[in-house]
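The values are calculated or read from the model by the stated rules, or taken from the named source; none is laboratory data. All figures in this text were calculated on a predicted structure; none of them were measured in a lab. For neighbour counting, all protein chains shown are included, and Cβ atoms are generated from backbone atoms with ideal geometry for every residue, glycine included. Ligands, DNA and RNA are excluded from the accessible area calculation, which covers all protein heavy atoms including side chains. Shrake-Rupley method; radii C 1.70, N 1.55, O 1.52, S 1.80 Å.
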Amino acid sequence: QVQLVESGGGLVQPGGSLRLSCVASGNIFSGYYMGWYRQAPGKERETVAVFSNGLGPHYAEAVKGRFTISVDNAKKTMFLQMTELKVEDTAVYYCSVPGMSSWGQGTQVTVSS
């Protein structure tokens, strides 16, 4: 019953920044986790950042210190502020929220000079 729309991706040079948004609609159940995931060509989907209601944000080692996850509960929107982007950050980024039954379309992030 939950629909997700990711946006904000694009082409950026190494060292640049992007702010991704995830707008959720429908019945969003209360839960402990919501976050961002990514999948690069030929690789499995991996966790990027997760926000836990009780413990706060947690980040993958590869993005720690560079990415920041935040949530606007009133607008049912989640953000991922990405700074100091690297070529290896190139991937399709997806969001995940409680109550989700399937992934959204994702948003492409390409880091290249």
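Given charges of +1 on the Cβ of Lys and Arg and -1 on the Cβ of Asp and Glu, with all other atoms neutral, how large is the dipole of region 54-107 about its Cα centre, in debye to the nearest 20?
Values: 5 positive and 5 negative charges, 35 e Å.
Using only the charged Cβ atoms, the result is roughly 160 debye.
How much accessible area per residue does the chain have, in Å², with a 1.4 Å probe? Before the final figure, lay out each step's value.
Values: 6270 Å² over 113 residues.
Per-residue value: 55 Å².
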Checklist entry - How big is region 25-90 by Rg and Dmax over its Cα atoms, in Å? => result 12.8, 37
Next on the checklist: Quick check: convex hull over the Cα atoms of the chain, volume per residue in Å³, rounded to an integer?
Outcome noted: 91
Next on the checklist: Taking the alpha-carbon distance from Lys64 and a cut-off under 17 Å, which lysines remain once sequence neighbours fewer than 8 residues away in the same chain are dropped?
Outcome noted: Lys86
Next on the checklist: Based on alpha-carbon atoms only, what is the radius of gyration of region 55-113 relative to the globular estimate 2.2 N^0.38 Å?
Outcome noted: 1.23
Checklist entry - Dipole of region 43-113 (Lys/Arg Cβ +1, Asp/Glu Cβ -1, origin at the Cα centre): which of Met82, Cys95, Ala62 lies farthest to the positive side? => result Cys95
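When DSSP assigns beta bridges and you keep just the ones with both residues in the chain, what percent turn out antiparallel, to the nearest 5? Kindly include the intermediate steps, with their values, before the conclusion.
On the way: 36 of 39 bridges.
Antiparallel: roughly 90 percent of the beta bridges in the chain.
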Checklist entry - Charges only on Cβ, +1 for Lys and Arg, -1 for Asp and Glu: so what's the dipole of the chain about the Cα centre, in debye to the nearest 20? => result 140
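Please go through region 1-76 and write out the trypsin sites (Lys or Arg not before Pro) that DSSP classes as loop and that have at most 12 other C-beta atoms within 10 Å. Spell out each step's value before the answer.
Numbers: sites: Arg19, Arg38, Lys43, Arg45, Lys64, Arg66, Lys75, Lys76; in loops: Lys43, Arg45, Lys64, Arg66, Lys75, Lys76.
Sites meeting the loop and neighbour criteria: Lys43, Lys64, Lys75.
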Item to check | Low-density loop positions, GluC sites (Glu not before Pro), region 13-68 - DSSP coil, at most 12 other Cβ in 10 Å | outcome: Glu44, Glu61
Checklist entry - Taking all protein chains as present, what is the carbon and sulfur share of the accessible area of the chain, in % to the nearest whole number, probe 1.4 Å? => result 51
